[in-house]
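**Q** Could you have a look at this structure, given as structure tokens, before my questions?
The values are calculated or read from the model by the stated rules, or taken from the named source; none is laboratory data. Computed from a predicted model, the values in this text were never measured in an experiment. Quick reminder, even Gly has a Cβ in these numbers, built from the backbone with ideal geometry, and neighbours come from all protein chains shown. Ligands, DNA and RNA are stripped out before the accessible areas are found, and what is left, the full protein with its side chains, is counted by its heavy atoms. Shrake-Rupley method; radii C 1.70, N 1.55, O 1.52, S 1.80 Å.
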Amino acid sequence: MKDQLIKKLHSKSAVIGVIGLGYVGLPLALRYAQVGYKVIGFDIDPEKTEKINSGESYISHISDATIQDAVNKKLKATSNYSNARNSDALIMCLPTPLDKHREPDLSYIINTLEALIPYISKRQVVSLESTTYPGTTDEVLRPRLAATGLEVGKDIFLVYSPEREDPGNPDFTTNTIPKICSGITPACLEVGMALYEQVIDQLVPVSSTRTAEMTKLLENIHRAVNIGLVNEMKVVADRMGINIHEVIDAAATKPFGFVPYYPGPGLGGHCIPIDPFYLTWKAREFGINPRLVELAGEVNSRMPQWVVKKITDGLNSKKKSINGSRILVLGIAYKKNVDDMRESPAVEIMRLLQEKGAVIGYSDPFVPVFPKMRRYNFELSSEELTHKTLNYYDCAVIVADHDGIDYKLISDSGILIVDTRGVYRSHADNIIRA
Ligand SMILES: NC(=O)c1ccc[n+]([C@@H]2O[C@H](COP(=O)([O-])OP(=O)(O)OC[C@H]3O[C@@H](n4cnc5c(N)ncnc54)[C@H](O)[C@@H]3O)[C@@H](O)[C@H]2O)c1
């Protein structure tokens, strides 16, 4: 069983099913198609499947031509799970958010797996790529597959291989980022390696799915904690009248033992604000409360309020209040040069300002229209950055420091600027660091 499947994967005659065609799943599906596999992409969002099948992209850093090329080769998108029957591999790239109590919400994974089960049969490999707590693959996926009567590791193979996608980063592509791979049994790992080795330049096998799950969490927690540290240092430096960006640049000249992290308006994106709580939740089951991780989350989640306080102080120095002031948010995506709005701190800043009576506008070339979100709805669209726009507003707050924005135009206009990203390094009376 195993050898037949590995042979099919090696010869690229295997059909690869990718479930969830978002920031992680779409690039992976494209990569499999690019190297010559037949790929079936599954997504419950019919807009996405229609776009793919007509050669259109919905992610800013992926071109229409790349999608069209993959469709011409061997990619087909569908919302119909019965096509899973024809797949040799089922790779799940599904969201793993937190619920309203900030606890792991595995409903996307569980519901999807249950919907796929009628189409799962012998000689298939199921791989989970979503970020999750240690134990998910073994405790949540394995029993559901075993309940079909198929033996995991013999009839069917179960793999966990976390995604390390960094959307918008031009230095890395899906294949050049080394990938962790693990299996429920040694045979599962062997199949997992065969599944990924044709599309990824360097695979890093580890001994268990729990190790792989924890590895992914360590990577993201490492970022969250260090960003928390530098955000705290920022607040201290600010009170002391020191420019934290100058401090970081100076410290980064040390050729060993220091890695620069940069402060900002708060965490954003699907990963860093969420993943640490997958670990803290699971750790409680073992009687451990990872306080440093929780504390970093607390420091980082206070940043939008800190930015709003800086805006308040800036307006106050001009004898103005937030109430009634016109505030332009520059860059509303969660980080520079992407169109991804998930968990963006800009949204919380806008909400806090609006609550205090500000009139809000925004400018972001990556986000032409403010998207509908679960908890917020601003009926706004991006304003063009001109003299006229800048004259209309009382304050501009830089939240995402996209390239290609005319920062000189903004500072030359004399508008009060609240800079959360260290765009402006030299002192000016109209610029406040936040
Ligand atoms: N975005 C990143 O940079 C990144 C990086 C590393 C890891 N991850 C992890 O990868 C996972 C996926 O993240 P993402 O950013 O790709 O999410 P995403 O929201 O961009 O994509 C998920 C896709 O799954 C689809 N979907 C939801 N339910 C479905 C179902 N039942 N059947 C089929 N499709 C369904 C959605 O329509 C969406 O297109 C998460 O666990 C995330 O933490 C993300």
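Conditions tested, residue by residue: (1) within 16 Å of the ligand (Cβ to nearest atom); (2) part of a strand (DSSP E or B).
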residue: Lys319; (1), (2): no, no
residue: Val329; (1), (2): no, yes
residue: Asp339; (1), (2): yes, no
residue: Ala346; (1), (2): no, no
residue: Arg351; (1), (2): no, no
residue: Phe366; (1), (2): yes, no
residue: Asn377; (1), (2): no, no
residue: Glu383; (1), (2): no, no
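**Q** Determine which single condition Leu195 fails, assuming it passes every other condition in (1) surrounded by fewer than 21 Cβ atoms within 10 Å (Cβ to Cβ); (2) in contact (Cβ under 8 Å) with a residue 60 or more places away in the chain; (3) touching a strand residue (DSSP E or B) at 6+ places or on another chain (Cβ under 9 Å).
**A** (1)
**Q** So, in region 88-102, exactly how many residues are under 23 Å from Val39 (Cα atoms) and within 13 Å of the ligand (Cβ to nearest atom)? Don't jump to the end; show me each part of the working.
**A** Of region 88-102, the ones under 23 Å from Val39 (Cα atoms) are 88-95.
Remaining after also requiring within 13 Å of the ligand (Cβ to nearest atom): 90-95.
Number satisfying all stated conditions: 6.
**Q** Could you please find all residues in region 96-117 being modelled with pLDDT of 95 or more and more than 14 Å from Asp275 (Cα to Cα)?
**A** Ser107, Tyr108, Ile109, Ile110, Asn111, Thr112, Leu113, Glu114, Ala115, Leu116, Ile117
Matching residues to (1) outside any loop (DSSP other than H, G, I, E, B); (2) open to solvent by 60 Å² or more (accessible area, probe 1.4 Å); (3) touching a residue at least 24 places away in the same chain (Cβ under 8 Å):
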{"residue": "Ala65", "(1), (2), (3)": "yes, yes, no"}
{"residue": "Ala70", "(1), (2), (3)": "yes, no, yes"}
{"residue": "Pro95", "(1), (2), (3)": "no, no, yes"}
{"residue": "His101", "(1), (2), (3)": "no, yes, no"}
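**Q** When you go through Ser321, Ser363, Ser344 one by one, which is the residue that is touching a strand residue (DSSP E or B) at 6+ places or on another chain (Cβ under 7 Å) and among the hydroxyl-bearing types (Ser, Thr, Tyr)? Write out each step before concluding.
**A** On the way: Ser321 fails: touching a strand residue (DSSP E or B) at 6+ places or on another chain (Cβ under 7 Å); Ser344 fails: touching a strand residue (DSSP E or B) at 6+ places or on another chain (Cβ under 7 Å).
Only one candidate qualifies: Ser363.
**Q** Still on this structure: What's the number of the only condition in (1) farther than 29 Å from Tyr58 by Cα; (2) touching a residue at least 40 places away in the same chain (Cβ under 8 Å); (3) polar (S, T, N, Q) that Ser344 fails to meet?
**A** The number of the failed condition is (1).
**Q** Give me the pairs, please: first residue somewhere in region 13-29 and of a type in the set (Gly, Ala, Ser), second residue anywhere and within 9 Å of the ligand (Cβ to nearest atom) and part of a loop (DSSP other than H, G, I, E, B), beta-carbon distance under 7 Å, and either six or more positions apart or on two chains.
**A** That search, which allows pairs on different chains as well, returns Gly20/Asp43; Gly20/Cys93; Gly20/Leu94; Gly22/Cys93; Gly25/Cys93; Ala29/Leu21.
**Q** Being more than 27 Å from the chain's Cα centre (by Cα) and under 28 Å from Val247 (Cβ atoms), is that true of even one residue in region 384-398?
**A** Within region 384-398 (the criterion being more than 27 Å from the chain's Cα centre (by Cα) and under 28 Å from Val247 (Cβ atoms)), the answer is yes, since at least one residue qualifies.
**Q** Regarding region 53-60, can at least one residue be identified that is in contact with a helix residue (DSSP H, G or I) (Cβ under 9 Å, 6 or more places away or on another chain), under 26 Å from Lys335 (Cα atoms) and within 11 Å of the ligand (Cβ to nearest atom)?
**A** First, pick out the residues of region 53-60 that are in contact with a helix residue (DSSP H, G or I) (Cβ under 9 Å, 6 or more places away or on another chain): 53-59.
Still in the running and under 26 Å from Lys335 (Cα atoms): 56-59.
Narrowing further to those that are within 11 Å of the ligand (Cβ to nearest atom): 58-59.
Taking every residue of region 53-60 in turn, at least one turns out to be in contact with a helix residue (DSSP H, G or I) (Cβ under 9 Å, 6 or more places away or on another chain), under 26 Å from Lys335 (Cα atoms) and within 11 Å of the ligand (Cβ to nearest atom).
**Q** Let me ask something additional. May I ask you to verify whether Val369 is of a type in the set (A, V, I, L, M) and open to solvent by 80 Å² or more (accessible area, probe 1.4 Å)? Don't jump to the end; show me each part of the working.
**A** Details: of a type in the set (A, V, I, L, M): yes; open to solvent by 80 Å² or more (accessible area, probe 1.4 Å): yes.
Yes.
**Q** May I pose another question? Can you name the residue in region 103-118 that is assigned to a helix (DSSP H, G or I) and either among the hydrophobic types (A, V, I, L, M, F, W, C) or over 28 Å from Glu165 (Cα atoms) (or both) and, of all such residues, is nearest to the ligand (Cβ to nearest atom)?
**A** Of region 103-118, the ones assigned to a helix (DSSP H, G or I) are 107-118.
Right, trim to either among the hydrophobic types (A, V, I, L, M, F, W, C) or over 28 Å from Glu165 (Cα atoms) (or both) and you get 109-110, 113, 115-118.
Numbers: Ile109: 9, Ile110: 10, Leu113: 9, Ala115: 7, Leu116: 9, Ile117: 13, Pro118: 14 Å.
The residue in question is Ala115.
**Q** Further, regarding this structure: Could you tell me which residue of region 230-286 is nearest to Val338 (Cα to Cα), considering only residues that are among the acidic types (Asp, Glu) and in contact (Cβ under 8 Å) with a residue 40 or more places away in the chain? I'd like the intermediate steps shown before the answer.
**A** Taking region 230-286 and keeping what is among the acidic types (Asp, Glu), we get 232, 238, 246, 249, 275, 285.
From what's left, in contact (Cβ under 8 Å) with a residue 40 or more places away in the chain: 232, 238, 246, 275.
Values: Glu232: 26, Asp238: 29, Glu246: 26, Asp275: 20 Å.
Of everything passing the filter in region 230-286, Asp275 is nearest to Val338 (Cα to Cα).
**Q** Ok, one more. Being in contact with a Lys or Arg (Cβ under 6 Å, 6 or more places away or on another chain) and at pLDDT 95 or above narrows it down to one residue among Val152, Val125; which is it? Outline the logic, then answer.
**A** Values: Val125 fails: in contact with a Lys or Arg (Cβ under 6 Å, 6 or more places away or on another chain).
Val152 is the lone residue from the list that is in contact with a Lys or Arg (Cβ under 6 Å, 6 or more places away or on another chain) and at pLDDT 95 or above.
**Q** Glu56: part of a helix (DSSP H, G or I) and either surrounded by fewer than 23 Cβ atoms within 10 Å (Cβ to Cβ) or within 20 Å of the chain's Cα centre (by Cα) (or both), yes or no? Spell out how you get there, then give the answer.
**A** Numbers: part of a helix (DSSP H, G or I): no; either surrounded by fewer than 23 Cβ atoms within 10 Å (Cβ to Cβ) or within 20 Å of the chain's Cα centre (by Cα) (or both): yes.
Here the answer is no, as Glu56 does not meet what is asked.
**Q** As an exercise: evaluate Ser301 against (1) open to solvent by 10 Å² or more (accessible area, probe 1.4 Å); (2) over 20 Å from Val399 (Cβ atoms) and give the number of the one condition it does not meet.
**A** Checking Ser301 against (1) open to solvent by 10 Å² or more (accessible area, probe 1.4 Å); (2) over 20 Å from Val399 (Cβ atoms), the one that fails is (2).
**Q** Within region 399-414, which residues are open to solvent by 40 Å² or more (accessible area, probe 1.4 Å), over 31 Å from the mean Cα position of the chain (by Cα) and on the phi < 0 side of the Ramachandran plot?
**A** Once the filter is applied, which keeps residues that are open to solvent by 40 Å² or more (accessible area, probe 1.4 Å), over 31 Å from the mean Cα position of the chain (by Cα) and on the phi < 0 side of the Ramachandran plot, region 399-414 yields only Asp412.
**Q** Within region 6-52, can you find the residues that are open to solvent by 10 Å² or more (accessible area, probe 1.4 Å), away from the ligand (no atom under 15 Å from the Cβ) and not in a loop (DSSP other than H, G, I, E, B)?
**A** Ile6, Lys7, Lys8, His10, Val15, Gln34, Lys38
**Q** Related question: May I ask you to list the residues in region 248-279 that are open to solvent by less than 90 Å² (accessible area, probe 1.4 Å), of a type outside the set (A, V, I, L, M) and away from the ligand (no atom under 16 Å from the Cβ)?
**A** Within region 248-279, Asp249, Gly257, Phe258, Pro260, Tyr261, Pro263, Gly264, Pro265, Gly266 qualify.
**Q** Looking at region 119-172 only, could you name the residues that are open to solvent by 50 Å² or more (accessible area, probe 1.4 Å), within 12 Å of the ligand (Cβ to nearest atom) and in contact (Cβ under 8 Å) with a residue 24 or more places away in the chain?
**A** Result: Arg164, single match.
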